[in-house]
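Taking it in order: structure first as structure tokens, then the write-up.
The values are calculated or read from the model by the stated rules, or taken from the named source; none is laboratory data. Keep in mind that this is a model prediction, so the values were computed, not measured. When we count neighbours, we look across all protein chains shown, and the Cβ atoms used for this are built from the backbone with ideal geometry, even at glycine. The protein model used for the area step is the full one, side chains on, heavy atoms only, and it has no ligands, DNA or RNA in it. Shrake-Rupley method; radii C 1.70, N 1.55, O 1.52, S 1.80 Å.
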Amino acid sequence: MAVTPRELESEFRQIFKSCAQPAIYRAPGRVNLMGEHTDYNQGLVCPIALEMACYIAVAPAQHDALRIHSAELGETREFPIAKIADAEPQRNWTDYVVGVARLLVRNGVALTPSDLYIHSDVPRGSGLSSSAALEVSASLSLLAGRPMDRREIAQLCRRAESEFVGMPCGIMDQYTSLFGTEGAAIQIDCRNLTHIEVKLPAGLQVIAVNSMVKHELASSAYSQRVAECAQAVSELRAFQPGIASLRDVSVKVFEEVQDSLSPVPRKRARHIITDIARVLDFAAAARANDVREMGRLFIAAHRSMQYDYEITSDEIDFLVDTAIKMKGVYGARMTGGGFGGCTVNLVDPNFAEDFAEQITAAYRKRHGKTPLFYDCQPGASASRVK
Ligand code: GLA
């Protein structure tokens, strides 16, 4: 944790001019290892929760509002509790917190007037799920110890993001923040909201590389992909009536009928259907300690995102193409929603230093930017910090 609980408490007191003893909640970001955009297609994903997390120091207060402060932006905003149920989006960072608060109230949770001090070390706009970390940490802070089923919290946070923030995301990020496991990846079934642990082989380092680029069209292109998948489902019903999502179509059936689909839905469906299969193959390779196969699947997944789902960017493709030519790198792929953000790399720890040096030099030369590197150890799920 980049900041200590004591520091958070003292910053809380300073900002809110309060002498209350705040509780501190932590919710991690995630890096996804396999299964991209498969979550809203009811498919499988295989992420790890990160050590990087969003922290909120929260205490009940004497006013009648939620006062929320973002340490990163140095801004404080206030929302009267009485009006939260009918709050309108502000189109800024507060929407993640108010969107969650609004749904909690609508679900019958009586919110207490409170002060919330937010400090996140999940880099924003990098594909490591800073939004879900904020939503989950806000929900635990606002529940303030009242029990709620973790699956319900994940669904509530996802709904807040899709209905209030306006990003029609799947459940992977929120679920991972609430169910991630120290020391293992999790394979999530996004249809029935269950997961199993996937231990990663020893002697393998997972390194995320931040391209420092986030393209503006990310959110509208995401919605467009959601719509294109729905289109693919409706075309595929001609061959397999009764399917609810792309999850229901096997690679074999898809290959038999793909020539009859229109070109764009065909490509999108091909990515989703093969990526769901790759999650199972990846988990099997991890169990067999087959790092080469894991790396091969990484590269196949990247090409599928690059050519079929069309969600990569020049910077990201360059980072992947450079990485996979290097000694000690088993595989590389983009991670997260796309159009910039991070790549994730499977690296032999003996080569981790060379990896960072060479990628930095090459990326600076080609794109004039300095990438950031994150060593991704599987971290624990969201909880109160004692
Ligand atoms: C974003 C969304 C997730 C998921 C990924 C892509 O992170 O929030 O639900 O769709 O993109 O896999």
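One line per residue, one yes/no per condition, for (1) open to solvent by 20 Å² or more (accessible area, probe 1.4 Å); (2) of a type in the set (A, V, I, L, M); (3) within 14 Å of the ligand (Cβ to nearest atom):
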| site | (1), (2), (3) |
| --- | --- |
| ALA138 | no, yes, no |
| LEU143 | no, yes, no |
| PRO147 | yes, no, no |
| GLN155 | yes, no, yes |
| GLU161 | no, no, yes |
| GLY166 | yes, no, yes |
| ASP173 | yes, no, yes |
| LEU178 | no, yes, yes |
| ALA184 | no, yes, no |
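Among the residues making up segment 321-338, those that are more than 16 Å from the ligand (Cβ to nearest atom) and either of a type outside the set (D, E, K, R) or under 16 Å from ALA221 (Cβ atoms) (or both) are THR322, ALA323, ILE324, MET326, GLY328, VAL329, TYR330, GLY331, ALA332. For first residues located in segment 123-145 and at positive phi, partners that are surrounded by fewer than 24 Cβ atoms within 10 Å (Cβ to Cβ) and among the charged types (D, E, K, R) and lie 6+ apart or on another chain with Cβ distances below 7 Å form the pairs GLY125/LYS214. Here ILE48 passes the criteria (1) more than 22 Å from ARG30 (Cα to Cα); (2) part of a strand (DSSP E or B); (3) touching a Leu at 6+ places or on another chain (Cβ under 7 Å) except the one numbered (1). If you go through segment 11-38 and keep only what is farther than 18 Å from VAL136 by Cα and either surrounded by fewer than 24 Cβ atoms within 10 Å (Cβ to Cβ) or more than 16 Å from the ligand (Cβ to nearest atom) (or both), you end up with GLU11, PHE12, ARG13, GLN14, ILE15, PHE16, LYS17, SER18, CYS19, ALA20, GLN21. Here ALA132 meets the list (1) closer than 23 Å to ALA59 by Cβ; (2) crowded, with 24+ Cβ neighbours inside 10 Å almost entirely, failing just condition (1).
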